[in-house]
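The values are calculated or read from the model by the stated rules, or taken from the named source; none is laboratory data. Predicted model, so just to flag it, every value in this text is computed and none were measured. Virtual Cβ from ideal backbone geometry, glycine too; neighbours counted across all protein chains shown. We work out accessible area using only protein heavy atoms, side chains counted, and drop any ligands, DNA or RNA first. Shrake-Rupley method; radii C 1.70, N 1.55, O 1.52, S 1.80 Å.
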Amino acid sequence: MTLQLTRLHAYYGKSHVLHGINLDVGEGEIVALLGRNGVGRSTTCKAIMGLVAAKGSIAYRGHNLLGLRPDQIARLGIGYVPEDRQVFPTLTLRQNLELGLKRAGRFGRWRLEDIYALFPNLRSRQNVAAGQLSGGEQQMLAISRSLMGDPDLIVVDEPTEGLAPKLVEQVREMLCEIARRGAAILLIEQKLTIALQISHRVYVMGHGRVVFEGTPGEFAKDDSVRRQWLEV
Amino acid sequence: MELLLVSVLNGLLYGMLLFMLASGLTLIFSIMGVLNFAHASLYMLGAYFAYEISRRVGFWVALVIAPLLCGLLGALIETYGLRKAHRHGHVAELLFTFGLAFIVEKLVLMVWGPTAVPYRVPPELDFTLFSVYGTHVSAYRGFILLISAAMFAAIWLLLTRTRMGFVIQASLSHPDMVASLGHNVPRVFTTVFAGGAALAGLAGVIGGNYLVTEPAMAFSMGPIVFVVVVFGGLGSLAGCFIASLIMGFVQTFAVVLDISPADLLARLGVAVTPATPLAEVLRVPLPRIGPFLPFLLMVFMLLVRPRGLLGTRDT
Ligand SMILES: Nc1ncnc2c1ncn2[C@@H]1O[C@H](COP(=O)(O)OP(=O)(O)OP(=O)(O)O)[C@@H](O)[C@H]1O
Ligand SMILES: [Mg+2]
């Protein structure tokens, strides 16, 4: 097991958002985490990265992540792509990518060339301030930036939100390529078709808990899960 | 003409000194969200340290050592004070730096007494560089300009050309993301705080003997530096630079231009008589409102443009 969340609770000040999440991600596995808006999917991501107060246990390759700082968690090999992308607006696209490296000039399985090969339009935009990029370009950048740190597990929060169909397809290919290179993915995704297509296992959240766990096939068979926990 | 030239020079000097203080404060404020009330105290300590060092081993040693001491002090304050206070929220942080400013003032009073110390311009630089229209411009003023311009260039290069500068820039907008990429953000905070403290110390070293080194210098400088930060806008060093120069000029010219709003109105053909509304206010000469003109400008700025000149987010 790469990542294992056990009875995870998370809080924003006094408000209690996660009520005992159990979830795990295996080596090289793509796991989709689904649920309605506001159910706590992003909070789960933040808890993994050490960005919210949490209780319970988060184990990653024998380390307990709870109590570690985000940079220590990242250095254990976890990458994070937040839902609001958080590109650094005053830096150029390329400088953003370079900040993804944990040490200057030390590339892992992803080099700039690999990124530009997958997202050709990023190459011509290298020297543009990230704040000037389009939403789609910012999303590609946010994913690519976290890859520069050579993670073994990448937590991606709603990467296709607000993207045109062509870009959605590019992101999908990117995710498959990440998995092909051996990294595990925890994917938060609203678009069911993509999530079911590329993931090995699916979790559904409701009321701050996990209400379904299974393969995409099992999920597709069980219509009641979808009706009760996903459709509005 | 002569008056204008000298005032421009003085305004520029004062503005550059302000910038040396305000640049550190603005970086600290933007990155850490802490309004450091003790920032000007480090400026004062820089001047007193420089006084002590220069009377023992000379000004040039003081120029290097005093800012370093202030930087070290800044690192200690951040690591052992602010970081602990931070856990209890912004109010705790604010009160902590506020308390610190008072403690420093009392300590300075105890050690050096209530009157100004004789911290003087070094003799090597105490000569007339050139004279215009009979006004002598001392070499030391040129030196202040040189040092502050070099400082400005150094900060600029650091922020825009080095990896550490990129990390600092990135932390201005998304500190959590910077941390999530594996950068030690607390250490960035300490570095920025120490750097800002060192700059404040340097301003004290070169400003203390140009102006005056006394226990009140922190509290007379503090508010105006705060004004510069708000006016220039959070997260923008360029805005801070422009604001520093504006405030430098405003303060200098407000002292020498002995006119009142009423005079200006008179030139426009509007006479102010005792019957005019606010006549009392309009007749106040500029030198009398000079000291709080910057605050008026700040309030005005907050009303029309809350994020300041070039700020990237609201104050
Ligand atoms: N910074 C915050 N402070 C307080 N409450 C928050 C904060 N962020 C999120 N919440 C609350 O926590 C709950 C879970 O939020 P979360 O962002 O995890 O939802 P989500 O499943 O990612 O959905 P979506 O992305 O559609 O908003 C929501 O009720 C939200 O209002
Ligand atoms: Mg979300």
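Only residues that are under 21 Å from A:THR215 (Cβ atoms) and surrounded by fewer than 17 Cβ atoms within 10 Å (Cβ to Cβ) were counted in region A:5-26, giving 2. With respect to (1) within 16 Å of ligand 1 (Cβ to nearest atom); (2) surrounded by 20 or more Cβ atoms within 10 Å (Cβ to Cβ), the lone exception for A:LEU163 is condition (2).
In region B:1-86, counting only helices (runs of 4 or more DSSP H) that sit wholly within it, the ones holding 2 or more residues that are among the aliphatic types (A, V, I, L, M) span B:2-32, B:39-56, B:59-76.
Of all residues in region A:57-75, those satisfying the criterion of being away from ligand 1 (no atom under 16 Å from the Cβ) and touching a residue at least 24 places away in the same chain (Cβ under 8 Å) are A:SER57, A:ALA59, A:TYR60, A:ARG61, A:ILE73, A:ALA74, A:ARG75. Pull up region A:27-48, narrow it to residues that are open to solvent by 10 Å² or more (accessible area, probe 1.4 Å) and more than 9 Å from ligand 1 (Cβ to nearest atom), then point me to the one that is farthest from A:HIS9 (Cα to Cα). Going through the qualifying residues, I end up with A:GLY28.
Residues considered: A:GLU213, A:GLU189. Of these, the only one that is away from ligand 1 (no atom under 16 Å from the Cβ) and either within 14 Å of chain B (Cβ to nearest Cβ) or not β-branched (Val, Ile, Thr) (or both) is A:GLU213. Just to be sure before I move on: is B:PRO186 touching a residue at least 40 places away in the same chain (Cβ under 8 Å) and either out of contact with any helix residue (DSSP H, G or I) (no Cβ under 7 Å at 6 or more places or on another chain) or within 14 Å of another protein chain (Cβ to nearest Cβ) (or both) in the structure I sent? Judged against the criteria, B:PRO186 is a match. Assess whether A:LEU101 counts as being touching a strand residue (DSSP E or B) at 6+ places or on another chain (Cβ under 9 Å) and away from ligand 1 (no atom under 16 Å from the Cβ). For A:LEU101, the condition - touching a strand residue (DSSP E or B) at 6+ places or on another chain (Cβ under 9 Å) and away from ligand 1 (no atom under 16 Å from the Cβ) - is not met. For region A:191-232, enumerate the residues that are at positive phi and open to solvent by 60 Å² or more (accessible area, probe 1.4 Å). Passing the criteria: only A:HIS207. Evaluation of B:LEU264 against the conditions (1) open to solvent by less than 70 Å² (accessible area, probe 1.4 Å); (2) hydrophobic (A, V, I, L, M, F, W, C); (3) under 33 Å from the mean Cα position of the chain (by Cα) shows that the sole unmet condition is (1). Looking at A:MET140 and the list (1) within 12 Å of another protein chain (Cβ to nearest Cβ); (2) surrounded by 18 or more Cβ atoms within 10 Å (Cβ to Cβ); (3) without any contact (Cβ under 8 Å) to a residue 60 or more places away in the chain, which single condition is not satisfied? Here A:MET140 clears every test but (1).
Taking the numbered list (1) part of a helix (DSSP H, G or I); (2) among the charged types (D, E, K, R); (3) farther than 27 Å from B:LEU3 by Cβ in turn, B:ARG288 passes all entries but (3).
Residues in region B:119-176 that are loosely packed, with under 12 Cβ neighbours inside 10 Å, more than 22 Å from B:LEU4 (Cβ to Cβ) and aromatic (Phe, Trp, Tyr): B:PHE127 alone. Of the helices (runs of 4 or more DSSP H) lying entirely inside region A:14-100, those containing at least 2 residues that are away from ligand 2 (no atom under 13 Å from the Cβ) and within 14 Å of chain B (Cβ to nearest Cβ) are A:70-75, A:93-100. Quick check, is B:VAL212 under 17 Å from B:LEU13 (Cα atoms) and open to solvent by 10 Å² or more (accessible area, probe 1.4 Å)? Spelling it out, B:VAL212 is indeed under 17 Å from B:LEU13 (Cα atoms) and open to solvent by 10 Å² or more (accessible area, probe 1.4 Å). Could you tell me whether region A:55-68 includes any residue that is open to solvent by less than 50 Å² (accessible area, probe 1.4 Å), of a type in the set (A, V, I, L, M) and over 30 Å from A:GLY20 (Cα atoms)? Checked against the condition, which is being open to solvent by less than 50 Å² (accessible area, probe 1.4 Å), of a type in the set (A, V, I, L, M) and over 30 Å from A:GLY20 (Cα atoms), region A:55-68 yields no hits at all.
Restricted to region A:143-157, and to residues there that are within 16 Å of ligand 1 (Cβ to nearest atom) and of a type in the set (Val, Ile, Thr), the residue that is farthest from the other protein chains (Cβ to nearest Cβ) is A:VAL156. Among the residues of region A:96-124, those identified as touching a residue at least 12 places away in the same chain (Cβ under 8 Å) and within 18 Å of B:ARG163 (Cα to Cα) are A:ASN96, A:LEU97, A:GLU98, A:LEU99, A:GLY100, A:LEU101, A:LYS102, A:PHE107, A:LEU112.
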